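Trainee: Below is one structure. I have some questions about it.
The values are calculated or read from the model by the stated rules, or taken from the named source; none is laboratory data. Since we're looking at a predicted model, the values are computed, not measured. Here the Cβ is made from the backbone with ideal geometry for all residues, glycine too, and neighbour counts use every protein chain on show. For the accessible areas, the whole protein counts, side chains as well, though only heavy atoms, and no ligand, DNA or RNA atoms are used. Shrake-Rupley method; radii C 1.70, N 1.55, O 1.52, S 1.80 Å.
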Amino acid sequence: MRIAIVAESFLPLMNGVTHSILRVLDHLQDRGDDVLVIAPSGDDGAREDQVKGAEVHRLPAVPLAGYANVRVALGGVYRVKRILAEYAPDVVHLASPFVLGWRAAQAAHQLGIPTVAVYQTEIPSYAGRYGVPFLENWAWNRVENIHLLATRTLVPSTFALNQLRGRGIPRVRMWRRGVDTARFAPGKRDDGWRASVAPGGERIIGYVGRLAVEKQVKDLAALAGIPNTRLVVVGDGPQRDALEAALPHAAFTGFLGGDHLARAVASFDLFVHPGEFETFCQTIQEAMASGVPVVATGRGGPLDLVENSRTGWLYEPGDLAAMRTRVQDLVGDDAKRRAFAAAAHASVQGRTWPALCTELVQHYADVIAGASVPPPKTSRAGASS
C-alpha cells in the first residue's frame, strides 16, 4: 500500500498519538509499504527527515499558547492537497485530527482519496479545564465535521464509540491499542530503583503521563498522608512546577522512555490515573502488562481496561475520597494486591502491536476497496477553515 499519515502531533513531542504512529510505522515498514508522514515542524525548525522508513514532510508550525512543545501547523487546505496530490496515496490515515487533520480530511475528500480517521483525543472536553468552556461546542462541531467527512472512523474504546455514535457520526469501528508485553513485564521490577525513590521501603503509588491540566494530576493530592506510601510522578509538561508545589511529598522523575520507563512502571506497587478525558489510556495498559493493579476514574477508556475488584478499582469522576479509599484498600492488603496484579497482567496478554496493526491494515484495505462509501460533501455549520 501507499499510505499518507497526517499527524496532528509527532516527534520530537512524545505522547500517546506519537507513540501509536511509531508502532504503526514499525508494522508498515515490516510489510514493505510506502509511507509519508505529514506533521508540524519541530521546535528545531526541522522540515523533512525520515522515521522508520517513512518520509516525513514537515509543515511550518507555531507553539500552542501555554504549551510550548505542542505545535500547530500553519497553512490551508490547498497546501495539504498539493502534498497529497503529488504523493498519490491509496489511503490517508488521520491521526487524532483537529487542525491539520481537518485540512487533510477536506483535501483528501476533494482528491477522492479514502480516509481512516483515528479518534484518539477528547479535545473538546479540554476546553473547560483550560478555562475556555465557551469553545467546547465549537470544538465538538469541528470533530463532528472531520468524522462526517472521513470514510471510516476508528475509536479505541466503547465509551468513545458510544460518544461519537451519539453525536451522529456514521461508519465508526473499534480499533484498540497494542502493548509491548516484552518491554512492559513484571520481571522489570527493580529493587534498586525502588530504593532510590522510596528509601524507607514504602509502597509506591505511581502515575505516568503528561503533566498537563487535562490529566488532573493535582487530584493525587488526595492521597497525601496514607501511611507507608510514596507517590512517584513520571512525566513532564507545563504543569510540573505547579504540581511539585501541590504535591510536596511526591518524587518527580521527569520524562522516562523505553526501558527506563518499563523499569519504573514495573517497580510500582499501584498505578493511579485520575484523568477523566482518556479515550483509551495507554499508560494503564502498560501498568497492567507490568503486573501492577490500577485505580482510575470511571469514565472513558479505563472503563474497558480496568475490571472492578479483579484488575483494579474504578471510582466516580470527581470522588477523590473514593479514590483514596480504593488506594488504601490495595496498598494495605498485600495478598489482594498480588491477586489483582496477576489478573491485570493476564488480562492484557495477546494485545500485541503486530496484532492490532494487522487490524488497522485491514481497515485500510476495506476503505480502499470501497467497503465504506465516502459521504457527500456536507458539513455542520461553523467548522470551516
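Trainee: Give the aspartates and glutamates reachable from Lys336 as a straight Cα distance under 13 Å; neighbours fewer than 8 places away on the same chain don't count.
Mentor: Lys336 reaches Asp269.
Trainee: Right, another one. Considering the chain as a Gaussian network with a 10 Å cut-off on Cα pairs, which listed residue, Thr358, Thr311, Thr158, attains the greatest mean-square fluctuation?
Mentor: Taking springs between Cα atoms under 10 Å, the residue moving most is Thr358.
Trainee: Compute the Cα gyration tensor for region 134-198, then decide on rounded, prolate or oblate, letting a ≥ b ≥ c be the square roots of its eigenvalues: rounded whenever a/c is under 1.5, prolate when a/b is larger than b/c in the other cases, and oblate in all that remain. Numbers along the way, then the final one.
Mentor: Values: a/c = 4.38, a/b = 2.32, b/c = 1.89.
Since a/c reaches 1.5 and a/b is larger than b/c, the shape of region 134-198 is classed as prolate.
Trainee: Leaving ligands and nucleic acids out of the surface, order Ile113, Ile368 by accessible area at 1.4 Å, largest first.
Mentor: Details: Ile113 25, Ile368 70 Å².
I get Ile368, Ile113, largest accessible area first.
Trainee: A further question follows. Rolling a 1.4 angstrom probe over the protein heavy atoms, how many square angstrom per residue are accessible across the chain? Intermediate results must be reported in sequence, preceding the final value.
Mentor: On the way: 15230 Å² over 385 residues.
For the chain, the solvent-accessible area averages 40 Å² per residue.
Trainee: Then there is this: Say we join alpha carbon atoms closer than 10 Å with springs in a Gaussian network model of the chain; which of Arg310, Arg177, Arg31 then has the biggest fluctuation?
Mentor: Result for the chain, Cα springs under 10 Å: Arg31 fluctuates most.
Trainee: Let me know the charge dipole size of the chain about its Cα centre in debye, to the nearest 20, where only the beta-carbon of Lys, Arg (+1) and Asp, Glu (-1) is charged.
Mentor: Numbers: 41 positive and 38 negative charges, 130 e Å.
Computed charge dipole of the chain: roughly 620 debye.
Trainee: Something else: Relative to the first principal axis of the alpha-carbon coordinates of the chain, what is the inclination of helix 77-87, with its axis defined by its Cα atoms, in degrees from 0 to 90 and to the nearest 10?
Mentor: 80
Trainee: Under the classification rounded if a/c is under 1.5, otherwise prolate if a/b is larger than b/c and oblate if not, where does region 229-338 fall, given a ≥ b ≥ c as square roots of the Cα gyration tensor eigenvalues? Intermediate results must be reported in sequence, preceding the final value.
Mentor: Working: a/c = 1.33, a/b = 1.24, b/c = 1.07.
It comes out rounded by the Cα gyration axes.
Trainee: Is region 273-342 best put as rounded, prolate or oblate by its Cα gyration tensor, with a ≥ b ≥ c the root eigenvalues, rounded for a/c under 1.5, and otherwise prolate when a/b is larger than b/c, oblate when not?
Mentor: Numbers: a/c = 2.23, a/b = 1.20, b/c = 1.85.
In terms of gyration-tensor shape, oblate.
Trainee: Ranked by accessible surface with a 1.4 Å probe, highest first, in what order do Glu307, Glu136 come?
Mentor: Values: Glu307 90, Glu136 60 Å².
Reading off the accessible areas and sorting them downward yields Glu307, Glu136.
Trainee: Sticking with this structure for a sec: Which whole-number percent is the relative contact order of region 93-142 (Cα, under 8 Å, 6+ apart)?
Mentor: 34
Trainee: Have a look at Thr121, Val91, Ala107 and report the one farthest towards the positive end of the charge dipole of region 72-143, computed about the Cα centre with Cβ charges (Lys/Arg +1, Asp/Glu -1).
Mentor: The residue sitting farthest along the positive end of the dipole is Ala107.
Trainee: Whenever you get a sec, line up Leu94, Leu11, Leu231 from highest to lowest accessible area (probe 1.4 Å, protein heavy atoms).
Mentor: Ranking Leu94, Leu11, Leu231 by accessible area, largest first, yields Leu11, Leu231, Leu94.
Trainee: When only Cα pairs under 8 Å and 6 or more residues apart are kept, what is the percent relative contact order across the chain?
Mentor: It rounds to 16 percent for the chain.
Trainee: Within the chain, what whole-number % of the accessible surface is contributed by carbon and sulfur, with the 1.4 Å probe and all protein chains included in the calculation? Present the calculation step by step, with values, prior to reporting the outcome.
Mentor: Details: 7840 of 15230 Å².
Roughly 51 percent, rounded to a whole number.
Trainee: Taking Cα pairs under 8 Å and at least six residues apart, what relative contact order does region 159-304 come out at, in percent?
Mentor: Working: 253 pairs, mean separation 45.8, N = 146.
Dividing the mean separation by the residue count of region 159-304 yields 31 percent.
Trainee: In the chain, what % of DSSP beta bridges are antiparallel (nearest 5)? Please report the intermediate quantities before stating the final value.
Mentor: Values: 8 of 52 bridges.
Among the beta bridges of the chain, antiparallel pairing accounts for roughly 15 percent.
Trainee: Now for a separate question. Can you tell me which of Thr325, Thr297, Thr18 moves the most in a GNM of the chain? Springs connect C-alpha atoms under 10 Å apart.
Mentor: Thr325
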